[in-house]
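Reading through the structure tokens given below for one structure.
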Amino acid sequence: MIQTAAFYSLSALVLASALAVVLHRNTVHSSLFLGLSLAGVAGLFALLGADFLFAAQIMVYVSGIAVLVMFAVMLLGRKSDLHLRQVNALWGYALAVCAISAAGLLKVARGFAAAAPAAAPVPSTAAVGRLFLGRYLLPFELVSLLLIAALLGAVFFSHSEPAEGPR
Amino acid sequence: MTLAHCVVVASLLFLIGVFGALTRRNIVGILMSIELMFNAANINLAAFDRFLHPQGAVGQTLAVFTMTVAAAEIVVGLALLLAIYRNTDTAYAEDYHLLKG
């Protein structure tokens with residue numbers, strides 16, 4: 001009962017703030033709504049019994065990515081942006097694409113209506129850690145390599161002096 | 001709350017992200033919409049893990065991988081955007097037509 005109420009309120013929060021992210025004219029407000037939406041997704045993870053995902057979502061998304069996006073918005077923004085249209089001219093076609101995809105996806109979702117929740121969720125952090133260092137060890141190491149590459153790439157591209165080589 | 005509810009919420013979040021990625025003019029807005037799509041995929045992974053595979057945690061592990069790739073993507077994307085902004089002085093996608101000749 002309380003689970004159902006929590007699910008519906010968190011879903012409403014996530015979807016409403018996602019719509020605000022997409023439709024808001026002011027990009028700073030849009031990035032703040034992005035943080036709210038990601039926090040709501042963290043709540044959904046907690047509701048689904050994914051405790052490690054909940055913590056990782058808060059640490060990586062809400063306090064990492066949302067803040068980074070906010071920095072970028074404030075570095076790039078201008079005052080004149082507030083009076084410009086933020087949606088391009090082809091939004092009607094995009095809406096049609098989304099409506100058709102929504103029909104298909106909802107038809108797919110109807111097939112899972114019978115799957116009721118199993119027993120109460122158990123903490124899964126230990127199982128996730130065992131999978132990381134066991135079955136998924138190679139992807140785990142590759143992902144750390146990817147993070148190093150992203151770090152170096154970010155430093156390289158945002159360096160203020162132009163690097164040597166053809167430009 | 002059944003699996004269908006979670007799938008519906010994830011689908012709607014994904015479609016909102018698709019709409020934003022197709023229609024936002026600002027590059028930062030497009031990157032934010034892509035983050036919404038990644039999150040929809042993560043909700044689906046966690047939900048299928050909870051309802052169809054309750055004794056394992058493979059779906060949650062895959063969701064953590066997704067999260068890592070998303071973090072790397074947004075970091076490199078924003079750095080590239082800063083570098084382009086320094087040269088072209090605009091953050092709107094339709095102004096990036098250097099390759100058109």
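The values are calculated or read from the model by the stated rules, or taken from the named source; none is laboratory data. Note that the structure is predicted; figures quoted are calculated from it, not measured. Virtual Cβ from ideal backbone geometry, glycine too; neighbours counted across all protein chains shown. Protein only, heavy atoms only, side chains kept; ligands, DNA and RNA dropped before computing areas. Shrake-Rupley method; radii C 1.70, N 1.55, O 1.52, S 1.80 Å.
Worth pointing out:
- Exposure of A:Val28 as accessible area (Å², to 10), given a probe of 1.4 Å and all protein chains: 50
- Residues A:Val155, A:Val41 ordered from highest to lowest accessible area at a 1.4 Å probe: A:Val155, A:Val41.
- Loss of accessible area when A meets B, both sides summed, Å² nearest 100, probe 1.4 Å: 6700
- Segment A:41-74 and segment B:7-69: distance between their alpha carbon centers, rounded to Å: 12
- Its relative contact order, with pairs defined as Cα atoms under 8 Å and 6+ residues apart, puts chain B at 28 percent.
- Occluded residues from segment B:16-48, i.e. those whose accessible area drops by 50 Å² or more once the chain is not alone (1.4 Å probe): B:Ile16, B:Phe19, B:Leu22, B:Thr23, B:Arg24, B:Arg25, B:Val28, B:Met32, B:Leu36, B:Asn39, B:Ile43
- Spacing of the two label points (7 Å from each Cα toward its C-beta) at A:Leu145 and A:Arg110, in nm: 4.6
- Measuring r between the beta carbons of A:Ile100 and B:Thr66 and using R0 = 30 Å, the FRET efficiency lands at 0.70.
- A 1.4 Å probe run over the protein assembly as shown, with the rest of the protein chains in place, finds 51 Å² accessible per residue.
- Most to least accessible of B:Thr68, B:Thr23 (protein chains only, probe 1.4 Å): B:Thr68, B:Thr23
- Cα shape, chain B, gyration tensor, a/c 1.5 rule: prolate
- Whether segment A:1-77 is rounded, prolate or oblate, judged on the alpha carbon gyration tensor where a/c under 1.5 counts as rounded: oblate
- The heavy atoms of A:Met70 offer some 50 square angstrom of accessible surface to a 1.4 angstrom probe.
- Largest GNM mean-square fluctuation across A:Phe71, A:Phe54, A:Phe156, computed for chain A with C-alpha springs under 10 Å, falls on A:Phe156.
- Of the solvent-accessible surface of segment A:1-140, computed with a 1.4 Å probe and all protein chains present, 76% belongs to carbon and sulfur.
- Two numbers describe the Cα atoms of the protein assembly as shown: Rg and Dmax, which are 19.5, 64 Å.
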